[in-house]
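Written below as structure tokens is the structure these notes are about.
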Amino acid sequence: MPESPDLTEVTPESIQGLVQGASAQLESIDDLESLEKWRVEYLGRRGRLTGVLRGLSQLDLEQRRVAGALGNQAKRQLEEELEQRTRKINDARLAKSAGQDRLDVTLPGRLPVTGRLHPTTQIVREICDAFIGMGFTVVEGPEVEWDHYNFEMLNIPKGHPARDMWNTLWIDHRNEAGEYPMLLRTHTSPMQARVMESMQPPVRVIIPGKCYRYEATDATHEWHFYQVEGLAVDDGITFADLKGTLYEFAKRLFGEDRKVRFRCDYFPFVEPGVDMSIDCFACHGEGEGCRLCRDSGWIEIMGAGMVHPKVLAGVGYDPEKYTGFAFGLGPERIAMLKYGIDDIRLFYSNDLRFLRQF
Ligand code: DAH
């Protein structure tokens, strides 16, 4: 509470002293709260200057005239200084907050970084969709596989020269007989046996998944890649079903006007075995110097065949009753053909300039 003014001190000097003190104090204030305290102390209803002005009435006329004029001037001066100080403090506050949380709503937004599906994933899905549309179901299986499923159950016994068709990465683990029974699957075909062991016909499945081979890499060979396997087994399935299904697939993926060609090929787990080609959609068989088909007019896209009776018997199906067809294709190769990619190593070298194109 401000002291009540001592009337004997109401002189021009004491008023001047009061103003000087108040001004000096005001100079050092830089927050609104202290500013309000200062205002109450000097200019409030019971403030020091207000008290002085009120005390003037006690003075005689001459003193009152001089001191009154001085007092009023002092009041105006302090009020003016208070206003300036208030503005200064407010400006400083504004400048500070503008520096801290500036929000310019006219700036364009920052584009969020969006991910996308890997080209292999996209093509695997496209392949699967084509077969799902023909009644197939998607199944997946282990990438670390037993020799038993990868080879034995597919009619490739130990010592069989057909084993050399796959450059195998073996798992460093021996059984009691001193053999290596486990490997990174070299193809998705072992899933044929696994699926048939787990169910009775009719079977209609496709199996997408990763495979691994002990491979010196080049533009057309990777040590790991994907395959999509297919298997259909039932009473009365014929080679015509194989042809019809795969022809339909080729049209769905590569266009309605595709032609297909089947030629004999050897895979131990099918009989007869074939490779399937589509007519070259780049040169339509007419090009000279066509990079895609090397002027043959045909592009090989998968291996296929009628499931070997030994494979059927191996899983306990009666080969006299049931027949089926199987096929296996490489999605990276399909993508390379479809998009004109000339090096398979691009798929897994994590170069965003490549990946962002899909
Ligand atoms: N598994 C074979 C490979 O990796 C591809 C294949 C050929 C799969 C013929 C099949 C088939 O199902 O019938 O070379």
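The values are calculated or read from the model by the stated rules, or taken from the named source; none is laboratory data. Please read all numbers here as calculations on a predicted model, not as lab measurements. Here the Cβ is made from the backbone with ideal geometry for all residues, glycine too, and neighbour counts use every protein chain on show. All accessible areas refer to the heavy atoms of the entire protein, side chains included, with ligands and DNA or RNA removed. Shrake-Rupley method; radii C 1.70, N 1.55, O 1.52, S 1.80 Å.
Numbers for the structure displayed
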read-out	value
Most positive-pole-ward Cα, F325, A69, P208, against dipole of the chain from beta carbon charges	A69
Whole-Hz couplings from phi, Karplus 6.51/-1.76/1.60, listed for the range 178-183; x for Gly and Pro	x, 9, 9, x, 10, 8
Per residue Cα convex hull volume in Å³ - calculated over the range 7-100	74
Debye intensity ratio I(q)/I(0), log10, the range 223-358, q values 0.13, 0.14, 0.16 Å⁻¹ (C-alpha model)	-0.65, -0.73, -0.89
Mean ellipticity per residue at 222 nm, deg cm²/dmol - from DSSP H runs of n ≥ 4 across the chain, formula -39500 (n - 2.57)	-12000 deg cm²/dmol
Dipole axis of the chain (+1 Lys, Arg; -1 Asp, Glu on Cβ), positive-most option in H284, V138, F354	F354
Exposed-site-free run, longest, the chain (rule: trypsin sites (Lys or Arg not before Pro); DSSP loop; at most 14 other C-beta within 10 Å)	175-290
Solvent-accessible surface (1.4 angstrom probe) belonging to T137, in square angstrom, nearest 10	80
Accessible-area composition of the range 164-322, carbon plus sulfur, in percent [1.4 Å probe]	47
Nonlocal amide H pairs with L169, under 5 Å, H built at 1.01 Å	L184, Y214
Rounded to the nearest 10 Å², the accessible area of T86 at probe 1.4 Å	40
Residues with amide H under 5 Å from that of V138, placed H, sequence gap 5 or more	I206
Karplus-derived HN-Hα couplings along the range 156-168 (A = 6.51, B = -1.76, C = 1.60, θ = phi - 60°), whole Hz, x at Gly and Pro	10, x, 4, x, 6, x, 5, 4, 5, 5, 10, 8, 8
Per-residue SASA entry for H284, accessible area with 1.4 Å probe, Å² rounded to 10	100
Accessible area of the chain divided out per residue, in Å², using a probe of 1.4 angstrom	58
For the chain, cysteines whose Cβ has no other cysteine Cβ within reach (under 4.7 Å)	C128, C211, C264
Whole-angstrom Cα spans of the chain along principal axes, big to small	137, 59, 39
With every protein chain in place, the range 7-100: carbon and sulfur % of accessible area (1.4 Å)	49
